[in-house]
1. Consider Ala145 carefully, then state whether it is at pLDDT below 70 and either in contact with a strand residue (DSSP E or B) (Cβ under 6 Å, 6 or more places away or on another chain) or surrounded by 10 or more Cβ atoms within 10 Å (Cβ to Cβ) (or both).
2. Kindly indicate which of Leu191, Leu163, Leu167 is surrounded by 10 or more Cβ atoms within 10 Å (Cβ to Cβ) and either at pLDDT 75 or above or not charged (D, E, K, R) (or both).
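The values are calculated or read from the model by the stated rules, or taken from the named source; none is laboratory data. Bear in mind that the values here come from a model prediction, so they are computed numbers and not experimental data. Ideal geometry is used to build each Cβ from the backbone, glycine not excepted, and the neighbour counts take in all protein chains shown.
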Amino acid sequence: MEKENLQEQINELNRKLDILLEESFKEKQRREQQEDLMQDLSLIGKDLYDTAVERLDNEGVELNDEVIVRLLFKLLRDIEIFYEMINSLESAYDLIKDLGPIVNQMGRDLINKLSDLEQKGYLKLFASLSKVSDSFVKYYKPDDAQILAKRVETLVELSRLALTSTLLEDTKKMLEAYQEAREEKPKKMGLFKAMRELSSPEMKKSLGFLVSMLKKFSQKMDF
């Protein structure tokens, strides 16, 4: 009975020893495969390095090993910064994907608005205004612009007076009267008939206004 137990223990030890030997053999194989892989990668890396050096040398670029090593160490030291940069790029890409439909809708709205402006004639108006600007630039010199800058205060005051007084309405009425007179095509008038017309209440009122305006103008002017 004791012999049988002893044999079983020996068999068990042999079985475990076989397992250990098999695992050791597999580990040896893996180590050899890793060494072969590292050798192959080393050869490939060396070939790539030699090829890169040759290409750079043909292009007239000098390769400084010390600079490359410092660059690699700097890259490893700042790897967290590059990681954050990659995360930022991913976030920006996600934002662009989210904004895509909004941008497309804005583009369609802009096209529709431009089409509406074209139908209403605004684009032609803008084109005409650009021609006016070209004419302004053509006939006005830089010295004129400097003079205009010195007269800005006076121009602003004139604009204020035009907006707060009846000047615009009076100018409109004067232009309407001019247009009506042009359309009526009045005949030639002699001196006596002109004197009779000047004696009418309307002409007396107009002459009175004109004389009063000229008098005020003369008082303000330094002749």
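1. yes
2. Criteria check complete, one pass: Leu167.
Quick grid of which residues meet (1) on the phi < 0 side of the Ramachandran plot; (2) small (Gly, Ala, Ser); (3) out of contact with any helix residue (DSSP H, G or I) (no Cβ under 9 Å at 6 or more places or on another chain):
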{"position": "Ser88", "(1), (2), (3)": "yes, yes, yes"}
{"position": "Tyr93", "(1), (2), (3)": "yes, no, yes"}
{"position": "Met106", "(1), (2), (3)": "yes, no, yes"}
{"position": "Ile111", "(1), (2), (3)": "yes, no, yes"}
{"position": "Leu123", "(1), (2), (3)": "yes, no, no"}
